[in-house]
Amino acid sequence: MQVLRKEMKLKGLTIQDLSNRLGVSAGSVSGWIHGNNSPTSKFVKALKDMGFSDMACLDPSRDVEV
């Protein structure tokens, strides 16, 4: 499972929930999870402020054990 998706699950957030909180499209968040794009520094900061780990913010598509 990708690290961002795992941490979202632990926080009880869906892709739509996170996209709404960040003010980006669900497609953007999905792209981060699947490695198609990366969050800009603005969104890295916002994710960190929400309590996501450095790995989830900087390498959101990285696979981790569930």
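Each reported figure results from applying straightforward, stated rules to the coordinates on display, with no laboratory input. If you're wondering where the values come from, they're calculated on a predicted model, not measured in any experiment. For neighbour counting, all protein chains shown are included, and Cβ atoms are generated from backbone atoms with ideal geometry for every residue, glycine included.
Here are the numbers for the structure shown:
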read-out: Cα gyration tensor shape of region 3-58, rounded if a/c is under 1.5, else prolate or oblate by comparing a/b with b/c; value: rounded
read-out: Net dipole in debye of the chain [+1 Lys, Arg Cβ; -1 Asp, Glu Cβ; about Cα centre; nearest 20]; value: 160
read-out: Environment charge of T14, counting only residues whose C-beta is closer than 15 Å and scoring Lys/Arg +1, Asp/Glu -1; value: +3
